[in-house]
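For reference, the structure is listed below as structure tokens.
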Amino acid sequence: MALKFWTADVSGLSRTQVKSKLWEELRLKADIGTKGITISEAALSSLHGNAEFSGQKLGGGRNRKLHTGKELPACIYLPYGLKVTFNWNEASPYVIDIAGGKQVLTYEGNTFGEIQYAKQPKYHERKSSDGVPLGLIGRGDFYDRIVGVTYSNECCYIDKDEDCLFCNINYNKDLYSEKFGPYWRTPKQVAETVQAAFEEGVADHVNITGGVIAERRELEYYMDTGEEIRKALKVDAFNGTAVATAPTDFGNIDKLKEAGFRTTAMNLELWDKDFYKAVCPGKANNSGGWENWINALEYAVKVFGWGRVRSNFVAGIEPMPKTLQGFEYLCGKGVVCSFNIWMPNVGSAFEGHRSPETEWYIDLGTKLAEFWGKNGFTFDKIHDATAGDHRLPSDIFRIENEVFDIYEAAGKAE
Ligand code: SF4
């Protein structure tokens with residue numbers, strides 16, 4: 001049964017009116033993305049009384065500052081159903097509060113309407129055969145139909161002080177280990193988690209990522225994990241994305257495909273070579289450099305197919321024309337580019353910086369969604385290649401192509 005992510009009554013609206021409401025909501029979402037969001041004590045306490053509450057798990061994570069105390073929500077759904085990841089900023093003008101017994105989003109005293117939260121899938125509480133809760137191995141999400149697995153929470157680039165300036169993976173490692181114990185997800189644990197999530201109907205796609213492992217042992221890991229997943233699902237190939245660094249031996253890309261993954265991702269993050277070298281020194285110095293990364297992406301399209309390879313960007317660090325140049329080039333080669341709103345987070349070298357303006361992101365997302373359309377990427381392909389359906393370009397693509405379920409409710413009695 002499809003879940004309903006919106007609370008707004010659209011029974012009196014036409015599809016065109018719903019589209020215009022979604023565009024308004026998209027601007028709101030992008031604004032929250034750049035400013036962050038916070039929640040009142042009353043709203044947070046009430047959430048914690050709900051057995052289905054699904055939280056962030058980490059106090060650092062993607063927040064502006066370290067959060068201590070009650071676990072924060074992982075995301076919210078706005079009144080017309082757009083998903084917003086919860087990037088906590090205690091100074092944000094966007095505050096979730098309670099009004100009339102409902103959880104509502106407010107901005108400087110004005111209320112935007114009722115919001116909803118992600119529900120915890122049942123499998124999160126189950127345990128792997130070696131006793132680890134499956135929800136700590138891979139988080140399932142009904143909205144994105146994805147299981148997100150992070151196989152390790154450290155990146156060896158820190159050893160030479162070459163970790164990416166926007167990334168706080170190594171900072172989070174200590175927080176996580178303190179709270180939940182040692183962290184390494186074995187291939188068998190991952191396979192059991194994927195099987196449980198797929199069987200429950202939470203997800204149809206798994207994205208597996210993690211920090212860079214010393215001596216580039218990710219490949220061996222992905223081979224073993226692919227084999228375990230195929231065994232668990234009893235299939236020859238599955239809807240999974242192996243997120244890797246660009247190899248210098250491109251035969252390794254063929255091996256990822258042979259391991260059963262439908263898609264792969266190599267996240268370039270920035271297009272300008274000098275920005276790339278300065279912001280992602282580990283990637284630039286240890287993966288054959290910028291040119292090798294581009295060649296590897298193009299090779300991966302030959303192996304996995306058109307629209308079956310992703311490259312994610314952290315948008316807002318380099319000037320927009322540079323990022324757009326990269327999007328246009330890579331999409332034209334069959335690579336599904338995507339981007340996150342850059343939220344400078346705690347523990348990264350950029351902690352304390354600010355994101356660009358809201359309209360900057362709307363503009364970038366609109367142009368990327370156009371490149372997707374122009375290069376023949378369907379929503380199904382975008383879903384399979386990206387790590388979740390909730391980023392701005394996906395929203396824009398779905399709004400414009402009327403892919404959201406809310407369109408079907410337009411003009412119909414509740
Ligand atoms: S390669 Fe960069 S983005 Fe990836 S985990 Fe390492 S530091 Fe973070």
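No lab work stands behind these numbers, since they all come straight from the coordinates. A quick note: this is a predicted structure, and the numbers were derived from the prediction, not measured. Every residue, glycine as well, gets a Cβ built from its backbone with ideal geometry; the counts of neighbours run over all protein chains shown.
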With 0.36 nm assigned to each residue of separation and the Cα-Cα distance removed, HIS48 to LYS70 gains 7.1 nm
Ranking ALA196, LEU324, VAL149 by how far each Cα lies towards the positive end of the charge dipole of segment 123-400 (+1 on Lys and Arg Cβ, -1 on Asp and Glu Cβ), the top one is ALA196
For the chain the mean separation of alpha carbon contacts under 8 Å (6+ apart) over residue count, i.e. relative contact order in percent, is 19
D (µm²/s, integer) via Stokes-Einstein for the chain, Kirkwood Rh across alpha-carbon pairs, 4 °C, 1.567 mPa s: value 59
Using alpha carbon centers only, segment 78-114 is separated from segment 49-71 by a whole-angstrom value of 16
Magnitude of the Cβ-charge dipole (Lys and Arg +1, Asp and Glu -1) of segment 220-358 about the Cα centre, nearest 20 debye, reported as 320
Calc'd 3J(HN,Hα), segment 267-283, phi into Karplus 6.51 cos²θ - 1.76 cosθ + 1.60 (θ = phi - 60°), Hz, glycine/Pro = x, comes to 8, 6, 6, 9, 8, 5, 4, 6, 4, 4, 5, 6, 8, 10, x, x, 5
If amide H atoms are modeled at 1.01 Å from N in the peptide plane, then the residues at a separation of 5 or more from ASN239, or on another chain, having amide H under 5 Å from its own are none
Between the modelled labels at GLU291 and GLU359 (7 Å from Cα along Cα→Cβ) the distance in nm is 4.0
Quick calc, SER129 & GLU258: beta-carbon distance into FRET formula, R0 22 Å, rounding 0.05, result 0.25
Within segment 384-414, the residues whose backbone N lies under 17 Å from a label point placed 7 Å from the Cα of GLN17 along the Cα-to-Cβ direction are 406-414
The size of the Cβ-based charge dipole (Lys, Arg +1; Asp, Glu -1) of the chain about the Cα centre, to the nearest 20 debye, is 360
Taking r as the C-beta separation of ASN401 and VAL235 and R0 as 25 Å, the FRET efficiency to the nearest 0.05 is 0.30
Segment 92-136: relative contact order from alpha carbon pairs under 8 Å, six or more residues apart, as a whole percent, is 21
Once both label points are put 7 Å beyond Cα along the C-beta direction, the ASP161-LYS102 separation in nm becomes 5.3
In deg cm²/dmol, rounded to the nearest 500, the helical mean residue ellipticity at 222 nm of the chain, built from -39500 (n - 2.57) for every DSSP H run of length 4 or more, is -11500 deg cm²/dmol
Rounded to the nearest 10, the angle in degrees between the Cα long axis of helix 187-200 and the longest principal axis of the Cα atoms of the chain comes to 30
From the cross-link list LYS257/LYS333; LYS35/LYS333; LYS35/LYS255; LYS119/LYS179; LYS127/LYS381; LYS234/LYS381, the entries with a Cα-Cα span beyond 30 Å are LYS35/LYS333; LYS35/LYS255; LYS127/LYS381
Highest mean packing first, using Cβ neighbours within 10 angstrom, the peptides 134-143, 50-59, 325-334 sort as 134-143, 325-334, 50-59
Here the percent of antiparallel bridges among DSSP beta bridges lying wholly in segment 123-400, to the nearest 5, is 20
